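The values are calculated or read from the model by the stated rules, or taken from the named source; none is laboratory data. Predicted, not measured: the structure shown is a model, and the values here were computed from it. Reconstructed Cβ throughout: ideal geometry from the backbone, glycine too, with neighbour counts over all protein chains shown. For the accessible areas, the whole protein counts, side chains as well, though only heavy atoms, and no ligand, DNA or RNA atoms are used. Shrake-Rupley method; radii C 1.70, N 1.55, O 1.52, S 1.80 Å.
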Amino acid sequence: MKVTGIIVEYNPFHKGHQYHINKARAITKSDYIIAVMSGHFTQRGTPAVCDKWNRTKMALESGVDLLIELPLCFSIRSAEYFAQSAMQLLAKTNLVDDVVFGSEHGDIDILKNIASLLLENNQYYEKRLKKYLKEGSGFPAARKNALLDLVKLKSNTNYWSQHNIFAILNGSNNILGIEYLKAKQRFNLNLEVDTIKRIGPNYYSEEKTDHYVSATAIRNSLNNNELDSVKEKIPAITYKILKKEIADNKIPIKKENLGLILLAKIRKLSVEQLVKILDINQDLAVRIKNAANNSGNYKQLMASINTRSYTKTRFQRILLNILFNINKDIINNHDYKGPSYIRILGFNQKGKDLLSKMSEKSSLPIIINPSEYLNNLTFSSEDLLKNSLSLDIYATDVYTLLYQNASYRKANLDFTKKVIKSF
């Protein structure tokens with residue numbers, strides 16, 4: 001039995017994702033595909049385009065056999081923590097042999113060498129990174145320059161040209177791939193890792209002329225009420241589900257609602273309380289507090305806290321840290337232990353057989369029905385499983401408040417929704 005793992009968001013599922021599944025299965029000759037997927041909020045710090053159960057349906061109809069949810073306390077984090085937690089989840093199934101990720105570069109050896117270089121010289125790299133940030137560079141530029149300094153220090157300039165390093169670190173999938181490889185080495189995970197070259201437009205492309213269109217282009221079409229403009233360029237299951245969600249007046253989700261929830265939360269907190277939240281220092285806490293007191297919506301809030309030292313994505317994640325009270329002390333415990341459970345969102349017939357084997361071999365408890373582990377949300381619990389699962393459930397409760405149609409804004413869906421079965 002050969003099992004391949006993939007790490008995804010499917011926001012939403014598109015033909016490039018279909019290519020990834022097919023290619024991963026082909027190059028590993030796997031019998032099963034397990035995917036780890038973000039829930040209702042993504043690694044870029046934004047709400048998903050549609051709910052996690054619909055995105056699970058898209059995946060199962062397209063070749064994934066079993067789908068696991070990446071807990072919120074990891075899914076809305078930087079690439080490093082997103083990647084290492086997803087890799088740990090796949091490893092702790094004790095079933096996955098290979099992990100295959102997509103990358104813009106497509107050369108696993110170069111990505112492995114960068115990962116090793118960063119692991120072996122982390123202190124030097126972090127020192128150079130802080131230097132460039134202090135000088136006013138934005139994080140992406142600071143990261144590139146710090147790595148270039150590391151390459152020069154190690155006399156690797158003949159192996160990587162400066163242009164190549166910059167090109168690699170311009171790719172969001174490359175960056176995630178490097179973090180997957182770092183996680184494999186750091187935690188000595190018994191997983192083989194390979195990459196396939198990403199095809200089609202880049203992540204941010206809004207072009208609709210190619211056979212493949214990016215998730216960004218699909219989301220923009222959805223937000224502009226132009227989903228039919230990409231109908232022929234996206235999988236039929238994606239179009240069908242999104243069309244149904246639009247007909248029910250659930251999506252596009254209302255980011256304005258998210259802004260109001262955030263403003264209410266931040267205005268309630270003191271600067272001292274904000275400083276306890278992950279990724280917030282004293283100066284930033286003051287800036288965020290003042291911005292919330294003088295902003296009327298999400299867009300104004302983001303504009304008011306913007307600085308060159310932080311990317312938009314990082315600010316979006318920080319705002320979610322505040323919303324979900326991602327406390328520095330508690331999150332450090334989560335990072336130290338890693339994921340506490342394997343939450344199953346869905347499976348097909350093959351996945352059902354795989355789930356049976358996973359129940360015997362997994363190093364973590366497998367959750368299909370959250371009520372068997374949790375009755376009331378317990379955010380301050382010293383029990384990391386309950387804390388993490390509470391965050392996942394609360395994330396769903398918040399997400400439903402973003403629906404256009406108020407009749408769908410119900411709580412506790414994680415307790416009432418059945419696992420998705422595609423037979």
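Below is a table of values for the structure above.
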{"item": "Selected residue (only one of Leu111, Leu150 is aliphatic (A, V, I, L, M) and touching a His at 6+ places or on another chain (Cβ under 7 Å))", "result": "Leu111"}
{"item": "Residue within segment 270-281 that is open to solvent by 70 Å² or more (accessible area, probe 1.4 Å), assigned to a helix (DSSP H, G or I) and out of contact with any strand residue (DSSP E or B) (no Cβ under 7 Å at 6 or more places or on another chain) present", "result": "yes"}
{"item": "Residue list for segment 216-245, filter: open to solvent by 50 Å² or more (accessible area, probe 1.4 Å) and among the β-branched types (Val, Ile, Thr)", "result": "none"}
{"item": "Members of segment 20-35 found to be in contact (Cβ under 8 Å) with a residue 24 or more places away in the chain and in a helix (DSSP H, G or I), listed by number", "result": "His20, Ile21, Asn22, Lys23, Ala24, Arg25, Ile27, Thr28"}
{"item": "Among (1) open to solvent by 40 Å² or more (accessible area, probe 1.4 Å); (2) closer than 15 Å to Asp51 by Cβ; (3) under 24 Å from the mean Cα position of the chain (by Cα); (4) among the basic types (Lys, Arg), the one test that Lys250 misses", "result": "(1)"}
{"item": "Test result for Leu402, touching a Pro at 6+ places or on another chain (Cβ under 9 Å) and either assigned to a helix (DSSP H, G or I) or not hydrophobic (A, V, I, L, M, F, W, C) (or both)", "result": "no"}
{"item": "Count of residues meeting criterion [assigned to a helix (DSSP H, G or I) and touching a residue at least 24 places away in the same chain (Cβ under 8 Å)] in segment 134-148", "result": "5"}
{"item": "So Ser340, is it modelled with pLDDT of 95 or more, assigned to a helix (DSSP H, G or I) and of a type outside the set (A, V, I, L, M, F, W, C)", "result": "no"}
{"item": "Neighbours by Cβ (under 9 Å, 6+ apart or cross-chain): first from segment 158-172, at pLDDT 65 or above; second among the polar types (S, T, N, Q) and crowded, with 19+ Cβ neighbours inside 10 Å", "result": "Ala167/Asn174; Ile168/Ser103; Ile168/Asn174; Gly171/Ser103"}
{"item": "Of all residues in segment 9-23 being open to solvent by less than 10 Å² (accessible area, probe 1.4 Å) and within 23 Å of Pro47 (Cα to Cα), the one that is nearest to the chain's Cα centre (by Cα)", "result": "Tyr10"}
{"item": "Residues within segment 37-74 that are under 13 Å from the mean Cα position of the chain (by Cα) and aromatic (Phe, Trp, Tyr), tallied", "result": "2"}
{"item": "Scope segment 375-395; condition at pLDDT 95 or above and either farther than 23 Å from His40 by Cβ or aliphatic (A, V, I, L, M) (or both); matching residues", "result": "Leu384, Leu385, Leu389, Leu391, Ile393, Ala395"}
{"item": "Residue within segment 115-124 that is outside any helix (DSSP H, G or I) and at pLDDT 90 or above present", "result": "no"}
{"item": "The listed residue being touching a residue at least 12 places away in the same chain (Cβ under 8 Å), in a loop (DSSP other than H, G, I, E, B) and over 29 Å from Ala247 (Cα atoms), out of Gly45, Gly106", "result": "Gly106"}
{"item": "Lone qualifier among Val49, Val3 - being surrounded by 20 or more Cβ atoms within 10 Å (Cβ to Cβ) and under 17 Å from Val100 (Cβ atoms)", "result": "Val3"}
{"item": "Extreme residue, least open to solvent (accessible area, probe 1.4 Å), among residues of segment 290-321 that are among the aromatic types (Phe, Trp, Tyr) and assigned to a helix (DSSP H, G or I)", "result": "Phe315"}
{"item": "Test result for Asp392, open to solvent by 10 Å² or more (accessible area, probe 1.4 Å) and not in a loop (DSSP other than H, G, I, E, B)", "result": "no"}
